[in-house]
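Q: Following this message is one structure expressed as structure tokens.
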Amino acid sequence: MDLNSLQTQIDTDLAKITSAQTLEEVRLKYLGRKGLIAELTGSIPGLPPEERGTFGKEVNALKNKLLGLFEEKEKALNAQAKVLTKDKLDIGMPGIAQELGHIHPISRIVDEICTIFNRMGFSVVQGPEVETEYNNFTGLNIPLEHPSRDAFDTFYLKNYSKLLLRSHTSPVQVRAMKTQKPPLAIVVPGRVYRPDAVDASHLFMFHQIEGFLVDENIRFSDLKGILELFARSVFGEDIKMRFRPHFFPFTEPSVEVDISCIICKGQGCSVCGRKGWLEILGAGMIHPNVFKHVGYDPAIYTGFAFGMGVERIAMLKYGINDIRLFFENDLRFLKQF
Amino acid sequence: MKVTYNWLKNFVDLKISPKELAEKLTMAGLEVVGLEKAGDDFVLEVEITSNRPDWLSVLGIAREVSALTGLKLKTTGFKEPKIKPKDFSPIKISVASKQDCPFYSARIMSGLAVGPSPEWLKNRLEALGCRTVNNIVDITNYCLFELGQPLHAFDLDKLPQKEIRVRRAKPEEKIITIDGQTRLLNPEILVIADTHHPIAIAGIMGGRETEVTFKTRNILLESAVFNPVLVRRAKQKLGLQSESAYRFERGVDLEGARQASRAAQELILKLASGKACGSKSLGATKAITPAINLEIAYLNKLLGTAISGPKAKQILSRLGLAVKTKSRNILTVKVPSFRQDLRLPVDLVEEVARIYGYEQIPQTLPAVKPGRKAPDDRDLIAVMKNILCGLGLSEAITYSLIDRHLLKQSGINIDTGLVEIANPLSREQEILRPGLLPSLTRALAYNLDQQQEKVCIFEIACAFSGQPAAVAEKPLLGIALCGVNTFFTKHGLAKDEITLLHLKGILETLFVRLGIKDFDFAGQPDNKINIMINQKPAGFLLKLAPQILGAFDIKNRQVVLAQVNLERLLKEVNLARKFLDIPKYPAITRDISFLINEDVSVKELLGAIQAKGAPLLNQAKIVDYYRGKQIPLGFRGLTVSCLYRQDNRTLTEDEVSPVHNSICSLLTERFGIKLR
């Protein structure tokens, strides 16, 4: 056999090696017990004696060379394998991402409610937190001697005799109606203030959402329709609702709206005070005296107004049992929303 | 207000169960918040709205039950006992102000046997949680609960002058009330006095001196009407609540006062024998009540119903109103004295709706006429909040009212323009805050105290400042950051302490996303750094000084804060976008790495490069910086990447090289850089 032609064949075979398995196959082909080298060694005795020495040396050299080549190849393969291991990805490792912040639960509820009314055609309006006595009380048909005007129920400002911190969002009704003509469809979210001692269900600052719709021919039945649509949007289709007569100076007839307790489904639990019902908002047909104060003719225009406490709705929806959590701003609280 | 089922049965032949009754009352506006069995009776606890003092009696609620059930209301007439003139023992009554006391009456009864009440009477009172005393006092309480008119009995023999004066208390005057407390009075408080001193606080509580006891034989029974506001104020001033005050402050029925007095007398003579010796009264006996015309068309238009005239008439009549049919469409309603809340036709609409049942009124959807709606501030604020959340900040909401101490703690000294609360309940409600940062710092410190490694919060709310005649409300964005950003990279966890540059980066990203092009940050890191938008101040950022960190008990941390004037920011927001062609021709980028003295302002440096490279230089920006080993003290390593591009052709190396070289020389000559 021509050892030189064998050399080219070896080169071709070596180039084909890509894995430990092909390496072993090629190794066996040359160095195995029945491999080419064994075959060549076995052919030596059949050679003329003077050629045996030279041929034997050449075969031996070839064998050593092959051993070296295979070793080299094996090293290369191992190195390649190591690179692959380094790139190996475990999808169980933590994902890599920028951490997002959180919107406050009060803002979430305000946005949710405003969006519902937005879709119904209401626009969102805001008003100042420091208000006049007129807008907060007089314009809303709250008589001068009404207890809500007491220093027990309203924060007044030092050095500004006619100013106070609004105790509800209703003064925005007066503001909006004084500056715009009907039809009006408005919701007003915002902070309100009352001098309450702080406990798990009372704070001196909280949020309300006020809404009102004024036009010709707005009826009590419309109030029921809109508020039912609203409550089902917020609390789900399967709630029951009831409209109870109530009293507010700025609406007549007035109503309080209850939904079946979302915790116990109306069976009675600690959240609903065993009543099976949760009061969620107050509402009514805007009082003719309010219209007179803003210069609307109550013979032409009618309308309804409603108001609700945002914290209460957030507490019900999220199952929060202490109102103080909203303003402590503990990240362990905020990050849950 | 409590009422019992059996007591109501005295007035209405109830056939429904207490539970059904509670349900009916609730749905008519008398919310029943408690229903409990008491012996063979049931006690209903009813929440009464402030407009309905007439409901503060069994009779008032019975009237409602009658209207709701259609059952007849049984009222017993009280007959005036015949008095022989010689029996009358004269008594003198004077009322200082008709405004304070529109009506006052006194009945004299003598020869009474004062003793314990019979069981039925005790049971009734005790079911309502009222303490029983003796038959006379118990009867006055019984009439209070049944008819809603508070009465008071004086021991006549303790009034030697036989004179009653209804007047304001004199300064420093005192009285010992029947609860044994000495009460200091003042001229804002109305009292019942004899010729010398007060014997009762009008409408609130009697005096101990003239109290009816088992020894009493002769009494003066008072039935009066007092000014509701006076009673409420006095009650608050004295911190004294009573069943009597509860009714007077809401307003009692002027015409009912007489009736109650007669009823009480009848019961006293029956249970304590004795005899009536006549009565005397001062003031109005008839209440002024309006006649209201109710149009049936108006009623149905307002409610969205189709209630007939006769149906409306039936409902109103059952409520005890005198209704006449004026025409097919109009009812004329004469309001009785016990319904002072009814003034306008709309009040009658509510009465009809209540009894008809709110549940019976259909549900309709109005045609809302939507107005023109451009995105308003609230929409923009929602966008801002989302950007900030995307940058890892969480929204906080803190109180607008704060204590003065918090300002001091934050190193803020404001003497003028602080808006103070006149009637705070506690120190935490002293002032309306002039800015957001003290509250945010406190929230941040609280979270650090709760072992948070990183606190990144913002708030959007108003700050307040006092002007000569008004209070200015300014919406602000406040940001507070502290801690270490930790994030995974391919190579493991990386940590990065939050600094002013992080805060700057957040604001830059916010501004850019809001379409604000011209903004700048000017100032030294040791002081306030001003935020300029379109060359006008729009807020500031700062790093909290060590002494303030100390005041908040924050250790080994840096806290950075920003406050942005939201009005200014919102004014500059531009969410409109204009498409610019994507560059058609390739750019050539050349980086320059160099060492530069730390005192050189990077802003100035980049400005100089821009100026020098124009017009071929499209952009120059910092792509790397380094400080540490290999860099001599007082220097920093910077790499500036220069991007050369023209919109109308491909630039060649030959064009760019001279410009780039001139930039390098400029940097060397003017800024003393050392190329690396």
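The values are calculated or read from the model by the stated rules, or taken from the named source; none is laboratory data. All of these numbers come straight from a predicted model, not from anything done at the bench. Note that each Cβ is placed from the backbone with ideal geometry, even for glycine, and that neighbours are counted across all protein chains shown.
Q: Only strands (runs of 3 or more DSSP E) wholly contained in segment A:121-193 count here; list those with 2 or more residues that are farther than 16 Å from residue B:431 by Cα.
A: Values: elements: A:130-132, A:163-165, A:184-193.
Answer list for segment A:121-193: A:184-193.
Q: Within segment B:379-402, does at least one residue satisfy the condition of being modelled with pLDDT of 95 or more, part of a helix (DSSP H, G or I), assigned by TED's automatic domain parsing to the domain that holds residue B:438 and charged (D, E, K, R)?
A: Checked against the condition, which is being modelled with pLDDT of 95 or more, part of a helix (DSSP H, G or I), assigned by TED's automatic domain parsing to the domain that holds residue B:438 and charged (D, E, K, R), segment B:379-402 yields at least one hit.
Q: Do you know which of the residues in segment B:383-398 that are without any contact (Cβ under 8 Å) to a residue 12 or more places away in the chain and facing chain A (nearest Cβ under 7 Å) is surrounded by the most Cβ atoms within 10 Å (Cβ to Cβ)? Even if it seems obvious, please write down each step before you answer.
A: Taking segment B:383-398 and keeping what is without any contact (Cβ under 8 Å) to a residue 12 or more places away in the chain, we get B:386, B:389-390.
When the remaining residues are screened for being facing chain A (nearest Cβ under 7 Å), the result is B:389-390.
Details: B:389: 16, B:390: 14.
Here the answer is B:389.
Q: OK, next. Of all residues in segment B:302-316, count the ones that are surrounded by fewer than 15 Cβ atoms within 10 Å (Cβ to Cβ) and within 12 Å of chain A (Cβ to nearest Cβ).
A: Result for segment B:302-316: 1.
Q: Next question. Among A:165, A:157, which is the only one that is within 11 Å of another protein chain (Cβ to nearest Cβ), buried (at least 22 other Cβ atoms within 10 Å of the Cβ) and free of Cβ contacts under 8 Å to residues at least 60 places away in the same chain?
A: Numbers: A:157 fails: buried (at least 22 other Cβ atoms within 10 Å of the Cβ).
Residue meeting the stated conditions: A:165.
Q: With the structure loaded, tell me whether residue A:139 is more than 39 Å from the chain's Cα centre (by Cα), more than 9 Å from every other protein chain (Cβ to nearest Cβ), closer than 30 Å to residue B:368 by Cβ and surrounded by 20 or more Cβ atoms within 10 Å (Cβ to Cβ) or whether it fails that test.
A: Spelling it out, residue A:139 is indeed more than 39 Å from the chain's Cα centre (by Cα), more than 9 Å from every other protein chain (Cβ to nearest Cβ), closer than 30 Å to residue B:368 by Cβ and surrounded by 20 or more Cβ atoms within 10 Å (Cβ to Cβ).
Q: Can you tell me which residues in segment B:553-576 are out of contact with any Cys (no Cβ under 8 Å at 6 or more places or on another chain) and surrounded by fewer than 20 Cβ atoms within 10 Å (Cβ to Cβ)? Spell out how you get there, then give the answer.
A: From segment B:553-576, those out of contact with any Cys (no Cβ under 8 Å at 6 or more places or on another chain) are B:553, B:555-556, B:561-576; that's our starting set.
Matches in segment B:553-576: B:553, B:555, B:556, B:567, B:568, B:570, B:571, B:572, B:573, B:574, B:575, B:576.
Q: Which of the residues spanning segment A:320-335 are touching a residue at least 40 places away in the same chain (Cβ under 8 Å), under 17 Å from the mean Cα position of the chain (by Cα) and surrounded by fewer than 15 Cβ atoms within 10 Å (Cβ to Cβ)?
A: A:335
Q: Could you check residue A:181 against (1) more than 7 Å from every other protein chain (Cβ to nearest Cβ); (2) within 36 Å of the chain's Cα centre (by Cα) and say which number it fails?
A: (2)
Q: Working only within segment A:236-254, note down all residues that are within 18 Å of residue B:364 (Cα to Cα) and within 11 Å of chain B (Cβ to nearest Cβ). Show your work before the answer.
A: First, the residues of segment A:236-254 that are within 18 Å of residue B:364 (Cα to Cα): A:237, A:240-244, A:253-254.
Those that are within 18 Å of residue B:364 (Cα to Cα) and within 11 Å of chain B (Cβ to nearest Cβ): A:241, A:242, A:243, A:244, A:253, A:254.
Q: Could you give me the residue pairs with C-beta distances under 9 Å whose first residue belongs to segment B:363-375 and is modelled with pLDDT under 70, whose second residue is surrounded by fewer than 12 Cβ atoms within 10 Å (Cβ to Cβ) and not aromatic (Phe, Trp, Tyr) wherever it lies, and which are 6+ apart or on separate chains?
A: Taking only residues 6 or more apart or on different chains, the pairs are B:375/B:575.
Q: Of everything in segment B:140-182 that's assigned to a strand (DSSP E or B) and polar (S, T, N, Q), which residue is farthest from residue B:248 (Cα to Cα)?
A: Residue satisfying both the conditions and the ranking: B:182.
Q: Another one. For residue B:412, indicate whether it is surrounded by 20 or more Cβ atoms within 10 Å (Cβ to Cβ) and among the β-branched types (Val, Ile, Thr). Explain how you work it out, then say what you get.
A: On the way: surrounded by 20 or more Cβ atoms within 10 Å (Cβ to Cβ): no; among the β-branched types (Val, Ile, Thr): yes.
Answer is no for this residue.
Q: Same structure again: Quick check on segment B:509-518. Is at least one of its residues farther than 16 Å from residue B:563 by Cβ, assigned by TED's automatic domain parsing to the domain that holds residue B:436 and of a type in the set (Asp, Glu)? Write out each step before concluding.
A: Of all residues in segment B:509-518, those farther than 16 Å from residue B:563 by Cβ come to B:509, B:512-518.
Okay, now just the ones that are also assigned by TED's automatic domain parsing to the domain that holds residue B:436, so B:509, B:512-518.
If we keep only those that are of a type in the set (Asp, Glu) as well, we get B:518.
Scanning segment B:509-518 turns up at least one residue that is farther than 16 Å from residue B:563 by Cβ, assigned by TED's automatic domain parsing to the domain that holds residue B:436 and of a type in the set (Asp, Glu).
Q: How many of the residues in segment B:443-459 are crowded, with 17+ Cβ neighbours inside 10 Å and more than 9 Å from chain A (Cβ to nearest Cβ)?
A: Here the count works out to 2.
Q: Out of the residues in segment A:203-235 that are part of a strand (DSSP E or B) and within 11 Å of another protein chain (Cβ to nearest Cβ), which is surrounded by the most Cβ atoms within 10 Å (Cβ to Cβ)?
A: We begin by selecting, within segment A:203-235, every residue part of a strand (DSSP E or B); these are A:205-216.
Of the ones still in play, those that are also within 11 Å of another protein chain (Cβ to nearest Cβ) are A:205-207, A:213-216.
Details: A:205: 22, A:206: 19, A:207: 23, A:213: 27, A:214: 25, A:215: 18, A:216: 11.
Top of the filtered list is A:213.
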